[in-house]
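Undergrad: Let me begin by handing over the structure; questions about it come next.
Read the figures in this text as sums done on the coordinates, not as results from a lab. Quantities reported herein were computed from a predicted structural model and do not represent experimental measurements. Quick reminder, even Gly has a Cβ in these numbers, built from the backbone with ideal geometry, and neighbours come from all protein chains shown.
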Amino acid sequence: MSFTPALCHAARILAEVDRKALSDESGIAEDRIEEFENGTAELGDTTAEKLKSALEALGIIFLPEEEEGGVGIRRKFTEGDNRRILNWEGEGGRADSDNVV
């Protein structure tokens with residue numbers, strides 16, 4: 001699956017995080033993320049993978065292209081799960097995705 005600027009932007013919006021939060025999560029400069037999303041900069045494979053992994057850690061699942069439709073994204077958790085996770089995070093840190101069922 002190709003990690004495109006549009007897919008990155010859509011995933012960030014679905015995860016409900018701004019570029020600053022994604023920058024903090026991924027270790028990639030905020031202006032670099034903006035340039036990529038605007039289509040004015042390319043990312044190397046390693047940087048693109050770091051950005052994609054950060055979005056996955058923020059609860060996004062990337063869907064591959066299939067016969068029924070193109071690539072896409074969806075939330076890893078339901079809206080109720082998201083509220084509970086945000087509540088847990090407010091109690092002392094980020095919830096580990098491996099411990100959430």
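Undergrad: Given a Förster distance of 30 Å, report the FRET efficiency between E66 and L14 from their Cβ-Cβ distance, rounded to the nearest 0.05.
TA: Computed FRET efficiency for E66 and L14 comes out at 0.95.
Undergrad: Based on the mean of other Cβ atoms within 10 Å per residue, sort peptides 4-15, 59-70, 23-34 so the most packed one is first.
TA: Order by mean packing, descending: 4-15, 23-34, 59-70.
Undergrad: Still on this structure, I have one more. With each pseudo-label sitting 7 Å past Cα toward Cβ, what's the A21-S2 distance in nm, one decimal?
TA: Those two pseudo-labels are separated by 2.9 nm.
Undergrad: Can you spot the lysines whose alpha carbon is less than 18 Å from K20's alpha carbon? Ignore those fewer than 8 places along the same chain.
TA: List returned: K50, K52.
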